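Here the structure is laid out as structure tokens; the discussion comes afterwards.
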Amino acid sequence: MNYQNIINEIEDEIQVYFKEGKVADYIPALAHINPNQFAMSIKLLDGTTYNVGNTQTKFSIQSISKVFTFTLALQLYGKSLYKRVGHEPSGDPFNSLVQLEYENGIPRNPFINAGAIVTTDTLLSKYQDKSFDYILDFIRTTANDFTINYNKEVYSSELEHGFLNMALINMMKSYKNINNDLEKVIQTYFKQCSIEMNTEQLCHSMLFLANHGVNPINNKILINEAKAKRINSLMLTCGHYDASGDFAYKVGLPGKSGVGGGIVAIVPGKMSICVYSPKLNKQGNSLIGTKALELFTTKTGLSIF
Ligand code: GLN
């Protein structure tokens, strides 16, 4: 299959959608990002990479970071992690508070904000003040790129305006589902969200999920096969919040989005794909990114179904 031709075609075909969607302005540092950007990278298990658009432009990975922190927490705690965070889709927006009230402060899954704040809290219990360095180091290892860092402006902007996330963490604390200092947990959470990567780096970093937990390029085992399966399952069912069903229906791949405009998708046994375009749909997922992935699985037949 000529992947380069396919993604070039996709770049042409998505142009009509640039009128739609809007960038995430609830984080002021993201409000002034150029909305008309598009990038798409594909990385096959043998490392062959195909790029189109601004694939060297870095953007904050935002909720895509939830995949990394969940991987680390699952590695550390195994099944007992599910006492603190579930594995069911929520059907609610990514920053919703409502369900915490009737489920005793246990978030539905690790890919909504409340769930990711809990997985970060579990990492703090073990790594304390070294937690962020540990997360960053893991991401650098998965991407095999030690230049990756977080964006201080995005971090401060989130910290200053993160009232809803503060409400989530306080509510979970009231149900005794947060064990560490609230400020430290939320700071670590915002820092991981503000980590910057480009589509090529993100493709590389997630390739282990297309290969049963082993990075196929350097053969590093990042998680065992059974857990890699679980992470992919949750990406399929929960990776796009209250649009997870829509994403599964249209794209048919495990995927994880972030309000920075990135989406990573996995074709098990074959490749990782990353798209970037900062305008979002109303559920907070990249509008053009979703279209591009839908076009990709339609043209190639490479969905899991
Ligand atoms: N940092 C963002 C927030 O907490 C992440 C949300 C997202 O990417 N959906 O609101």
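Summary of computed values
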| quantity | calculated |
| --- | --- |
| Every residue from the stretch 148-199 that is under 18 Å from residue 260 (Cβ atoms) and surrounded by fewer than 16 Cβ atoms within 10 Å (Cβ to Cβ) | 149, 152, 153, 156, 160, 161, 164 |
| Subset tally (residues that are more than 19 Å from residue 74 (Cα to Cα) and not β-branched (Val, Ile, Thr)) for the stretch 85-112 | 15 |
| Count - residues of the stretch 73-100 that are more than 23 Å from residue 128 (Cβ to Cβ) and not in a helix (DSSP H, G or I) | 12 |
| Residue in the stretch 60-67 that is surrounded by fewer than 24 Cβ atoms within 10 Å (Cβ to Cβ) and either more than 16 Å from the ligand (Cβ to nearest atom) or under 17 Å from the mean Cα position of the chain (by Cα) (or both) present | no |
| Residue in the stretch 26-59 that is farthest from the ligand (Cβ to nearest atom), counting only those that are crowded, with 17+ Cβ neighbours inside 10 Å and in a helix (DSSP H, G or I) | 29 |
| Residue among 115, 91 that alone is at pLDDT 95 or above and within 29 Å of residue 164 (Cα to Cα) | 115 |
| Matching option when the condition is assigned by TED's automatic domain parsing to the domain that holds residue 28, modelled with pLDDT of 95 or more and more than 17 Å from residue 66 (Cα to Cα), among 204, 212 | 212 |
| In the stretch 214-229, residue surrounded by the fewest Cβ atoms within 10 Å (Cβ to Cβ) [restricted to those that are of a type in the set (Val, Ile, Thr) and outside any loop (DSSP other than H, G, I, E, B)] | 221 |
| Residue list for the stretch 207-257, filter: of a type in the set (A, V, I, L, M, F, W, C) and either within 16 Å of the ligand (Cβ to nearest atom) or at positive phi (or both) | 234, 235, 238, 243, 247 |
| Index of the failed condition, residue 183 passing every other in (1) out of contact with any strand residue (DSSP E or B) (no Cβ under 9 Å at 6 or more places or on another chain); (2) in the same structural domain as residue 34 (by TED's automatic domain parsing); (3) free of Cβ contacts under 8 Å to residues at least 24 places away in the same chain | (2) |
| Test: residue in the stretch 69-83 that is closer than 21 Å to residue 27 by Cβ and either more than 17 Å from the chain's Cα centre (by Cα) or within 13 Å of the ligand (Cβ to nearest atom) (or both) | yes |
| Residues located in the stretch 84-102, provided they are of a type in the set (Phe, Trp, Tyr) and either within 16 Å of the ligand (Cβ to nearest atom) or in contact (Cβ under 8 Å) with a residue 60 or more places away in the chain (or both) | 94 |
| Members of the stretch 143-187 that are part of a loop (DSSP other than H, G, I, E, B) and within 15 Å of the ligand (Cβ to nearest atom) | 151, 162 |
| When residues of the stretch 188-206 are limited to those that are part of a helix (DSSP H, G or I) and within 14 Å of the ligand (Cβ to nearest atom), the one farthest from residue 42 (Cα to Cα) | 188 |
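The values are calculated or read from the model by the stated rules, or taken from the named source; none is laboratory data. The shown structure was predicted, so the numbers you read here are calculated from the model rather than taken from an experiment. No Cβ is skipped: glycine too gets one built from the backbone with ideal geometry, and neighbour counts run over all protein chains shown.
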